[in-house]
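See below for the structure under consideration.
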Amino acid sequence: MRSESLQIPNFIDGQFVEPVGRKYLDNIEPATGKPYSQVADSDARDVDLAVAAADKAFVGWSKKPAAERSKILLGIADLIERDLEKLARAESIDTGKPLSLARSLDIPRAASNFRFFATAILHTESEAHITDNVAFNYTLRQPRGIAGLISPWNLPLYLLSWKIAPAIAVGNTSVAKPSELTPMTAYLLCEIACEAGLPNGVLNVVHGTGPNVGGAITAHPKVNTISFTGGTVTGREVAEACAPLFKKVSLELGGKNPNIIFADADLDAAIAGSVRSSFANQGQVCLCGSRVFVERIAYNDFIHRFVDKASKLKLGDPLDEKTEQGAIVNKTQLDKVKFYVDLAQKEGGEIALGGKSPEAINERCRDGYFFPPTIITGLPVSCRTNREEIFGPVVTITPFDSEEEVIGYANDTDYGLASSVWTQNLNRAHRVAEKIHTGTVWVNCWLVRDLRVPFGGMKASGVGREGGTEALHFFTEAKNICIAK
Ligand code: NDP
């Protein structure tokens, strides 16, 4: 099927179906600013159908031996790898991200997510607790039922599969909602799920807007588990919808992540790592280090070399093999980026690089949503630009004089998702990592992800942890079985 003419339908009970209301939204290609397909504009009626299908499938799927579920998930992973080029191209067109990034990061990670949880369920252990001569306890972990899985537009298949894979691996069925801005690879994943033999109703995908579809999923009484990744404001709405129904909720939210460079760091590595952590995916990764702090004695040298390296990133048509910086996801997000660049200047910041929309990229991308890597200096630590999540290719750089001072700067934020620390002093690395309030601290690296580790945020960056055992526990109910001796 040619994606250009496609109306993306829902996927319910193993079938591709039109939304009940027969309405569709335009799906815009960010690089061109033009619609290139349409996506189902579903509502609560479609969610009801998806939940009914998931409900019907639950008993059969949850009773299947883990080895059988594992085999099907491994099949999905293999098919994602087989279709790597097709999926990477679809992801690039849908999001505006460079094709090379989708090919090297997004799609391989989606395959890894399925493979990881397919094999994890073969190696689980149960706890046992012996109560002296009184009783013997063991912990039974059972699937919870129907999981509602809601994901954002920045890493569409990567993040959706990060939820689907553990949810269904342990025996739940699911109703998933990708962002209406980037629905294409979720649609392609449903084709793959059919081909891999996933039973009908185990994975259901309902497309549409956040309030209409996401809201219906979080409010549905039969969906007792919600895994949400998105912005902090939406996360609060999700929490409010779930609380009165006592749903189990995981919230992976926004970030304003510090990236700390001490003068004793390997500056070549720190600069290369900081360019990546600042501008990967046009800065639209929740883990991007948007606040860079540099020890004053290395500050001038760092800025000079950092600006130079960032200025060489090739901004261009996402489908061009050489492109390193693609398009911003939509006009709203582009306007938000421009708003913050203006605000930064009003707050006293100076633009060291970027700051203005580029000249036309090429004829095809004349109306696309592009913005160059932008570096801002001279801002106070507590200004709005340094406190609010921009989620674009914009970073600020601030000097610091002492370890204590920079720890204060790093923690002076409502968010607490991730941070990076660059130093060759091992004791300092441990000391600083321990004191920073973020769910992940990378030392001398960025975005190194081992799928076994707990992943999530503190403060306004979220509640709960996903990944590895945490995900297996989140998607199951622990039951204590106590047998008298
Ligand atoms: P949003 O919060 O706008 O949307 C996330 C998802 O929630 C989308 O599918 C959206 O639908 C849906 N949604 C919107 N409103 C509701 C609602 N009332 N009830 C239920 N679902 C709803 O985030 P973005 O898509 O803009 O993504 C960017 C944000 O995600 C950033 O803040 C970023 O930091 C964060 N993020 C966090 C990550 C983490 O792991 N902590 C990872 C990646 C991103 P629709 O898009 O169709 O409106």
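One table, with the values for the structure above:
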{"item": "Inter-part distance where the stretch 11-45 and the stretch 77-93 are each reduced to a Cα centre, Å", "result": "20 Å"}
{"item": "Nearest-ten-degree value, helix 107-120 long axis tilted from longest Cα axis of the chain", "result": "40 degrees"}
{"item": "Cβ-Cβ FRET estimate between residue 26 and residue 366, R0 fixed at 30 Å, reported to 0.05", "result": "0.95"}
{"item": "Partners for residue 435 among lysines (Cα-Cα distance below 29 Å; same-chain residues under 8 apart left out)", "result": "256, 459"}
{"item": "Assigned charges on the beta-carbon of Lys, Arg, Asp, Glu; the stretch 77-146 dipole about Cα centre (debye)", "result": "260 debye"}
{"item": "Cut-off 15 Å (backbone N to label point 7 Å along Cα→Cβ of residue 138), residues of the stretch 158-199", "result": "none"}
{"item": "Helical mean residue ellipticity (222 nm; -39500 (n - 2.57) per DSSP H run of 4+; nearest 500) of the chain", "result": "-11500 deg cm²/dmol"}
{"item": "The stretch 436-485 shape via C-alpha gyration tensor axes, a/c threshold 1.5", "result": "prolate"}
{"item": "Distance between modelled label sites at residue 45 and residue 444, nm, 7 Å Cα→Cβ extension", "result": "6.1 nm"}
{"item": "Summed residue charge, Cβ within 13 Å of residue 441's Cβ, Lys/Arg positive, Asp/Glu negative", "result": "+2"}
{"item": "Dipole magnitude of the chain, debye to nearest 20 (Cβ charges: Lys/Arg +1, Asp/Glu -1, about Cα centre)", "result": "780 debye"}
{"item": "Alpha-carbon centroids, the stretch 294-322 and the stretch 397-474: separation in whole Å", "result": "23 Å"}
{"item": "Relative contact order for the chain, counting Cα pairs under 8 Å that sit 6 or more residues apart, in percent", "result": "19 percent"}
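No value in this document is a laboratory result; all are computed from the given coordinates. Treat the numbers as computed from the prediction; the structure is a model and nothing was measured. Don't worry about glycine lacking a Cβ; one is built from the backbone with ideal geometry, like all the others, and counts go over all protein chains shown.
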